[in-house]
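Below is one structure, written out as structure tokens; the observations come after it.
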Amino acid sequence: MLESSIRHSLNALQDIEHAVGLKIKSIRKKLGITQDELADRAGLNRVHLYRLEAGQQSMTLRTLKQIADTLQVKARGI
């Protein structure tokens, strides 16, 4: 039972990470910014940003804030 609950929580977290990544990508594209440009401006590695946008990697709140500040949006808007 506990294992099932943990698995469910992990799946929910992955869903959130994926949704946040898609939102970052959507905002970036709407602003006409490439991944390379966003990564450079936010001080991130482009591969890291790619993985974040694809929901393949977790991000810290600090990274989320760096991206939000670079895109000039509030982190809660992502």
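Structure summary
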{"item": "The chain: DSSP helices with Cα axial extent of at least 20 Å and average Kyte-Doolittle hydropathy no lower than -0.5", "result": "2-30"}
{"item": "Alpha-carbon centroid distance for the pair the stretch 42-70 / the stretch 1-25, whole angstrom", "result": "17 Å"}
{"item": "Residue-span extension gain [HIS18 to ARG62] - 0.36 nm each, minus C-alpha spacing", "result": "14.1 nm"}
{"item": "Dipole of the chain, positive end: most advanced residue of GLN57, THR70, VAL20 [Cβ charges, Cα centre]", "result": "THR70"}
{"item": "Cβ-placed point charges (K, R +1; D, E -1), dipole of the stretch 2-77 about Cα centre in debye, nearest 20", "result": "260 debye"}
{"item": "Reported label for calculated semi-axes √(5λ) of the Cα gyration tensor in Å given [x] 19, 13, 11; [y] 22, 15, 14; [z] 26, 12, 11", "result": "[z]"}
{"item": "Helix-only CD estimate at 222 nm, as mean residue ellipticity for the chain, using -39500 (n - 2.57) per DSSP H run (n ≥ 4)", "result": "-23000 deg cm²/dmol"}
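Rule-based calculations on the coordinates, nothing more; no lab input. Source: prediction; values computed, not measured. Every residue, glycine among them, receives a Cβ derived from its backbone with ideal geometry; neighbour counts consider all protein chains shown.
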